[in-house]
Structures are given as structure tokens and as C-alpha cells.
Amino acid sequence: MHLILRHMGFYRRRVAWSMTIKLSSALTELLIPYILEYLIDEIVPRGCLSLVLFWSALMIVTAILTRQLNVWANRIAVDNAHRVSYDIRQAFFTKTLNLSGAQFDRFGLPSLISRLTSDSYNVQSAVQASQTMCVRMPMMLVGGIVMTLLMDPPLATILLVIVPVLVAVILAVSRYGIPLYRQVQARLDEVVQVMREDITGIRVVKALSKTGYETRRFAARSDAMTRADIKASTVMAIPGPLMQMCLNLGLTLVVWFGARRVYSGQIQSGVILAFLTYFNMVIQGVMGINRIFIMLSKATASANRIAQVLAVEPDQPVLALEEAKAPQGEEFIRFEHVSFSYDAAAESHAQREECLHDISFALKRGESLGIIGPTGCGKTTIVNLLMRFYDVTDGGVFVGGRDVRTYELDALRQKFGVVFQNDMVFYNTLRENIRFGRPLEDLTLLAAVEDAAASDYLGSLADGLDHRAEIKGANLSGGQKQRLLIARALAGDPEILVLDDSSSALDYRTDAALRRAIHEHHSHSTTIMIAQRVSSIQSMTHILVMDNGRCIGYGDHKTLLETCPAYQDIYRAQMGALA
């Protein structure tokens, strides 16, 4: 709840104003039964029509005023709730964008999505309720008891016995219910994960005729969430029937005991009518408090999940130059005996499963490096370390003569133009997909399109750069997407160009045209290309051959053909007919 209260504090004046109006509406509502009792017991017996009409009109005006105050307060409360939830979502989204790779892996994408959507909605509902129900319902409870005590204390003892029992039950049940709602949200994470996997891989699911299998897998996760939700809702619903029973019992006692007091002349009949109304208000207040606790239980569990992410401290601090390692050479990019494990939190080296082991290479400005090797050998991990998505376990990574840990992350990554495996095409025009928020002119974009060998494709479109790509580029072929992504990387004229298996969907002629354009127009960029084809990297200044996270060959194409058996095998397998 600290998260909710802190963000509500940013709008404390608006929240206070909303609660003040709601309090005023509750007070006017409490006056209506009292006016009714006074009208019946004091005014009607006088037989004065004008007084009857006056007090009747006063009761109507009070009811209208109550309604208008409620509407006004609710509108302000809704607006405040949207403001608070907006701030929390923005803070959460910004924090998510700045999580390190290790932190992102720890939370998981499905969990982050459900926290941003479902959890933030629960928080929004709680913020709204705290300004409306949390004011009105306690006021109905306390105000109703006070008014009944003023009217007839003996009759009010019925409420004084029933209400504390109900409140105690609500508090006990709510205390048990909060952990149950945490379990519901955890099960929701699993549902989101399966749904995301199936939607993303829908073509694979259909191609392998596994829609039934995936339906059953989703149903299993959904059933687990439903069971958890039913358990939590069942527990939190326990006070409901008890309150209804107490309401009926209390009303019966009020009518019976009140009628006896009327017959004995101790109270008047209008008191009974007003008392029944106040009794209804008190019970509604208790039931409303029960709903508040249910809502707050959900919101507390959700707020705690959001706060877990917001409270994460940065685990990639920027080091001072004197704190970092100094490179052993003058090269622009340098890896020195780099080892890395995604399980860096393991207690000992023996428990870690290293993805990279003792990797070293160096590139001068304008030189190029090709990386080749089997799937899962650590090729992409090298790029992740170079851009500091993760920090090395051992060794050092240097760019521009500085340890990458001495750069502000934005300053480091602005040096790069990158195309990753399965990179993202956004639901936007081709122009905005290539520009991607940078102040680039259309001439620059068209030059990048030309270098990416995509001008023929662009020229075939009637709307050119204004053509809209669907989500994840669903209306583009694999080759078209890759050329669009390469154009995005080239458009910024980067110091370091990273192409991670970015030409796998291109034919040999287009691939050759792309490499030629990069050589002619971006020779000043230091290029790192990860590829499965020897033809894509054989012209590189340096080639790194990897297997199982280790370097098994390093040199240029000619040197590796003479010294590296693994590279020789790849070359013969792919280009044997030309050898």
C-alpha cells in the first residue's frame, strides 16, 4: 500500500477535495431519515399543510443535493485514479526499459506484462475506491450508529452487538485473503506466458497441427488460475452470508423490540421508520467495508508486485575510469579473456554454466569481424556483452579505449547500429520504422534503403515510405523485414555496425549487394557480422570461429582455411562445389 499512498500524495489536494465532497454527501444522506422522522412525529400531528410541504421539500432537496455531491465526488475520484495509475504505469514502464538483461530475465516478460496491465488496473480500482467507498461506507457505519444512539440508545444496542462481530470477521478474513490474491496474480503470469508464446508462434502451432495440444496447455494454466481465484474469492466471500443473516436478524429484532417500545409509549412510530433506515445504512456500511477489504486485498497484492520491480536497484553502475580495467592495446574494440555465465549469481565457479570462456579479439576502427559457429555457441552473447546488456563474469570489454562499464548506457549504445535475430518491426509506416524516433531526413532514409538493397522493394509500393507495416511485420516477407531492419541500422551512420544473422533470409545476390554497399558507404564503421554463411563473412578483416562458447579459430579467411579444421569443414559443406 505504500506505493499507492505515495503516488496519491502527489495529488493530495485533489484527493482531499474529492474526499471532502464525498464526506459532505454522506452527511446529507444521514440527515434524510432524521428529517423523515421529524416530519412524521412532529410536523404531521400539527396538521399544518404548509409545514408538511416545507419539510417534504427540504427532504427532496437534501436527497438531490446528496446525489449531486456523490456524482461530483465520483468524477473527481475517477480522474484522480486515472492520474495515479498513469503515473505508476509510466514509472513501471520506464523502469522495465532500464532493467538489465539479468533483471529482465529474473522477472520474465509474461510477469512484467501482467504487472503492467492487470496489477495496475487493480491499483487504479483501489485508488478510486479509497476516495469514495472508503469515505462513504465508514461514515454510513459510524454516522448511522451515532444517529441511532441519539434517537433511542436501548434500540441502538442491537447494532452495537452485531457490528463489532462483523468487523472482526472481515479483518480476519482479509488478513488471510491477501496472500491468496498474490497466488492468483502468479497464476495469471503463467496464463500470459502461454498465451504470448502461442500467439507469437501461431504459424508453427498450425503448421504442426498442435492447436489441440496448445489449447489443452492453455486450459491447464487457465484452470490453475481459476482455482486460485475461486479459492481467494470463496475465502473473501465468507462475511457476505454472515452479514446478510445478521441484517435479517437485526431487522427482526428492531421491529419486534421497537414495536414494544412504541406500544409502551417510550418512542414514537417515526423513530422506528428512521431507525430501520439507519440500520440499513449501518449494515450497508459494514458490507461496503467488506468490499473495500476485498478490493484493497487485491490492490495490496498487485501494488507489492509492482513495487518489487520499481524497487530494483541498478546492477550495472557506471564506473569511474580509475576504477575500471585499462585495455592492453589501442584498438577500438577489444575483448580481453572474457568469460560469461547467465547464472552469474551461482555461489561458485563450479556451479556456473559458462556461455563464453576466455574470448579475446581486437578490432581497429573501420575493421570488420565475422563470427561463425553452430547454434548456441555464444555468438549473440558477445554482442550482448559488447552493448552491456549483461556484464562480463571475468575479463574485460573495451570500446574506444575504455571499459564499457565506464560509459553511460545511452552514450555507449548510441555508437551502435544493430540488427538482432528476430528483431522487431513495429506497427507503423516504413519511414517511422527506419527513422525510429531519430531526427533523420527522408534523403538519409532513402540512402539507407538503397544500401540495404531494399530500393527495389520500396519502389514497388504505391505509397513508398508511407506503406504501413503490420505488427511484427506480418505483411512483409522474411527478406523484406531483414532489409528494413538493416536500413534502420544503417540510417544512423553508426560507429559500430552489428548484424546478427541479419541476412539469413536474403538470396546470395542481395547478400552480396548488401556487403558491397556496406564496404563502399560505411567503411568508417567498425562492423561485426554474425552469420551462418561463409560467403557472408569471408571478406571480413577478422573471423572468429566459435564452438561451445570457446574460440577455436581466429584470423582472416585465408588463414582459417589453412589452420582451422572446423572452418574448413564449414567452407567445404557450404561451398564445396565451388572449391
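How much net charge surrounds residue 97 when only other residues with a Cβ under 13 Å from its Cβ are counted (Lys, Arg +1; Asp, Glu -1)?
Summing Lys and Arg as +1 and Asp and Glu as -1 gives +2.
Where the centre of each part is set by its Cα atoms, how far does the stretch 208-237 sit from the stretch 449-472, in angstrom?
So the separation of the two Cα centres works out to 43 Å.
Angle check, please: helix 120-131 long axis (alpha carbons) against the longest principal axis of the chain (alpha carbons), in degrees 0 to 90, nearest 10.
Computed tilt is about 30 degrees.
Would you mind computing the Rg to Rh ratio of the stretch 362-487 from its alpha-carbon coordinates, Kirkwood style for Rh?
Values: Rg = 17.0 Å, Rh = 16.7 Å.
The Rg/Rh ratio comes out at 1.02.
Write down the radius of gyration of the stretch 203-249 and its Dmax, each obtained from C-alpha positions, in Å.
19.8, 63
In whole angstrom, note down how far apart the Cα centers of the stretch 298-346 and the stretch 122-145 are.
44 Å
Quote the relative contact order of the stretch 424-531 in percent (integer), defining contacts as alpha-carbon pairs under 8 Å separated by 6+ residues.
Averaging sequence separation for qualifying contacts and normalising by length gives 33 percent for the stretch 424-531.
How much mean residue ellipticity at 222 nm does the chain get from its helices, if each DSSP H run of length 4 or more adds -39500 (n - 2.57) and you divide by all residues, to the nearest 500 deg cm²/dmol?
Computed mean residue ellipticity for the chain: -20500 deg cm²/dmol.
Under 13 Å from the Cβ of residue 222, count the other residues' Cβ atoms, weight Lys and Arg +1, Asp and Glu -1, and hand me the total.
-1
Under 9 Å from the Cβ of residue 364, count the other residues' Cβ atoms, weight Lys and Arg +1, Asp and Glu -1, and hand me the total.
Local net charge: -2.
Show me, bin by bin at 10 Å from 0, the whole-percent P(r) of the chain based on Cα pairs.
In order of increasing distance, the bins hold 3, 12, 17, 18, 14, 10, 8, 7, 5, 3, 1, 0 percent.
In 10 Å bins starting at zero, report the fraction of Cα pairs in the stretch 459-562 per bin as a rounded %.
The percentages, shortest bin first, are 12, 40, 32, 11, 4, 0.
Under Stokes-Einstein, with the Kirkwood radius over Cα pairs standing in for Rh, what whole-number D in µm²/s applies to the stretch 422-468 at 25 °C and 0.890 mPa s?
Calculated translational D: 223 µm²/s.
What relative contact order, as a whole-number percentage, does the stretch 1-133 give when Cα pairs under 8 Å and 6 or more residues apart are counted?
RCO, the stretch 1-133: 38 percent.
Based on the Cα gyration tensor of the stretch 247-338, what are the three equivalent ellipsoid semi-axes, each the root of five times an eigenvalue, rounded to whole Å and given largest first? Present the calculation step by step, with values, prior to reporting the outcome.
Numbers: eigenvalues 1169, 23, 11 Å².
So the three semi-axes of the stretch 247-338 are 76, 11, 7 Å.
Any chance you could give the angle, 0 to 90 degrees and rounded to 10, that helix 508-521 forms with the longest Cα principal axis of the chain?
90 degrees
Between the stretch 42-58 and the stretch 492-528, what is the separation of their alpha carbon centroids in Å?
Distance between centres, Cα-based: 91 Å.
On a 0 to 90 degree scale, rounded to 10, what angle separates helix 133-151 from the longest Cα axis of the chain?
That helix lies at roughly 10 degrees to the long axis.
Just how many pairs of Lys in the chain have C-alpha atoms closer than 25 Å, counting pairs that are eight or more places apart or on different chains?
Total qualifying Lys-Lys pairs in the chain comes to 20.
Tell me, what is the Rg over Rh of the stretch 143-295, with Rh the Kirkwood radius over Cα pairs? Mind showing how you got there, number by number?
Details: Rg = 24.9 Å, Rh = 19.0 Å.
My calculation of the ratio gives 1.31.
Please work out whether the stretch 109-178 counts as rounded, prolate or oblate from its C-alpha gyration tensor, where a ≥ b ≥ c are the square roots of the eigenvalues and a/c under 1.5 means rounded, while otherwise a/b larger than b/c means prolate and anything else oblate?
Taking the square roots of the gyration eigenvalues as a ≥ b ≥ c, the stretch 109-178 is oblate.
We did not get these values from a lab; they are worked out from the coordinates using the rules stated. Please read all numbers here as calculations on a predicted model, not as lab measurements. Every residue, glycine as well, gets a Cβ built from its backbone with ideal geometry; the counts of neighbours run over all protein chains shown.
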